[in-house]
């Protein structure tokens with residue numbers, strides 16, 4: 001399971017968890033995923049690229065095959081970088097990275113203590 005990075009907006013009492021690693025939502029849903037994360041610029045870019053690739057498939061058989069391959073590659077690229085784009089977007093909106101309270105102190109502790117440490121509200125990283 002991928003680790004999560006927690007971001008908190010200083011003016012709001014809202015903490016957002018952003019997964020690290022591959023984003024299946026970005027791969028499978030594309031611009032709809034970006035829209036659900038309120039990533040408007042990424043939504044526009046993803047929709048524009050997908051539209052161009054779709055219409056390139058209408059020009060002919062060879063171009064259609066190339067468009068399909070490029071579409072799959074674009075989807076994989078969105079999956080690889082999607083969570084990084086989400087984190088970057090939140091940081092541009094003023095969110096700061098926080099870590100769960102007690103993180104690092106549960107090394108060697110049993111599973112229940114480790115889960116209790118991660119259940120506490122996050123504290124801000126200096």
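The values are calculated or read from the model by the stated rules, or taken from the named source; none is laboratory data. Note that the structure is predicted; figures quoted are calculated from it, not measured. So basically every Cβ, Gly included, is an ideal-geometry build from the backbone, and we count neighbours across all protein chains shown.
In segment 89-112 there is at least one residue that is modelled with pLDDT under 70, surrounded by fewer than 14 Cβ atoms within 10 Å (Cβ to Cβ) and part of a helix (DSSP H, G or I). Quick check on residue 82: is it in a loop (DSSP other than H, G, I, E, B), closer than 25 Å to residue 25 by Cβ and at pLDDT 85 or above? No, not satisfied. Among the residues that make up segment 39-52, is at least one of them at pLDDT below 95, over 21 Å from residue 6 (Cα atoms) and surrounded by fewer than 11 Cβ atoms within 10 Å (Cβ to Cβ)? Looking for residues that are at pLDDT below 95, over 21 Å from residue 6 (Cα atoms) and surrounded by fewer than 11 Cβ atoms within 10 Å (Cβ to Cβ), one finds none in segment 39-52, hence no. The single condition from (1) more than 21 Å from residue 91 (Cα to Cα); (2) in contact with a helix residue (DSSP H, G or I) (Cβ under 9 Å, 6 or more places away or on another chain); (3) surrounded by 11 or more Cβ atoms within 10 Å (Cβ to Cβ) that residue 35 fails is (1). Is there a residue in segment 59-73 that is on the phi < 0 side of the Ramachandran plot and in contact (Cβ under 8 Å) with a residue 40 or more places away in the chain? No.
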